[in-house]
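To start, the structure under review is shown below, and the notes come after it.
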Amino acid sequence: MPEHVFEETLKNGAPYLIRPIAPDDVNRLGRLYKSLSPQSIYFRFMAPLERLPRALVRDLCDVNPEREFALAAEVRQGRAREFIGAARWLRESHDPQAAQIMLVVADGWTNLGAGRTLYRRLIPIARERGIRTMRGLILDSNFKMISMLVNSEFTLDTDIQDGLVSFSFNIGD
Ligand SMILES: CC(C)(COP(=O)(O)OP(=O)(O)OC[C@H]1O[C@@H](n2cnc3c(N)ncnc32)[C@H](O)[C@@H]1OP(=O)(O)O)[C@@H](O)C(=O)NCCC(=O)NCCS
């Protein structure tokens, strides 16, 4: 198996792959974002984007290994392969040992374990690359993400202000 490629199984028994996002995934990632409900878009991007600019999707596929890493969850649909989720961390410029983490799972594929698995697969890669602290910002109405974070192996630090939860947790020594 190539590096950072993982064969996984959804809670409904369906197989899927977790693998790094590459520049030629622009259409696939674009279709994933296009399929999202307004609430999922808002939870992921913290903005009510009606349409994600193609340049942004292209940037999200053009992963700079010095400062970020992105994984997708991919299923086979006939001959095609489609993304059902994507996750990334982005190193903070003012604190290179810290990174912001972001993830999304397609609405029709939630509650099947893909979110938790993407998250679980991203952390060791961050640790390998010298990240010690993961940080993120979510809406305080995002109960699912909050529950996923709270029920993880890491001890969370949180700060809640104006409807936003900023969180951080230590992933390594
Ligand atoms: C948050 C998100 C990534 C979770 O993805 P998912 O694939 O549904 O997550 P999972 O199936 O792995 O479930 C994660 C946990 O949430 C729990 N959960 C599910 N529904 C829940 C709910 N309504 N309230 C609280 N917890 C819930 C599950 O029990 C699971 O816990 P477990 O792993 O201990 O069983 C997905 O809902 C999503 O994309 N949301 C929109 C974007 C977003 O909010 N991104 C986060 C900020 S960047």
message = Please count how many residues of segment 50-69 are closer than 22 Å to Q39 by Cα and touching a residue at least 24 places away in the same chain (Cβ under 8 Å).
response = 3
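Residues are listed down the side, and each one gets a yes or a no for (1) in a strand (DSSP E or B); (2) within 10 Å of the ligand (Cβ to nearest atom):
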residue	(1), (2)
G136	yes, yes
I146	no, yes
L149	no, yes
F154	no, no
T158	yes, no
S168	yes, no
task = Considering only residues that are small (G, A, S) and surrounded by 11 or more Cβ atoms within 10 Å (Cβ to Cβ), look in segment 120-173 and name the one that is nearest to the chain's Cα centre (by Cα).
result = G136
task = Could you identify the single residue in V75, V57 that is within 15 Å of the ligand (Cβ to nearest atom) and of a type in the set (V, I, T)?
result = V75
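Residue by residue, here is whether (1) among the aromatic types (F, W, Y); (2) modelled with pLDDT of 95 or more; (3) surrounded by fewer than 12 Cβ atoms within 10 Å (Cβ to Cβ) holds:
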| position | (1), (2), (3) |
| --- | --- |
| E7 | no, yes, yes |
| I21 | no, yes, no |
| R28 | no, yes, no |
| R44 | no, no, no |
| D62 | no, yes, no |
| E68 | no, yes, no |
| F83 | yes, yes, no |
| W89 | yes, yes, no |
| D95 | no, yes, no |
note = In the set R121, R132, the lone residue that is on the phi < 0 side of the Ramachandran plot and touching a His at 6+ places or on another chain (Cβ under 9 Å) is R121
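The values are calculated or read from the model by the stated rules, or taken from the named source; none is laboratory data. These numbers come from a predicted model, not from an experiment. Neighbour counts are summed over all protein chains in view; Cβ atoms, including those assigned to glycine, are modelled from backbone coordinates with ideal geometry.
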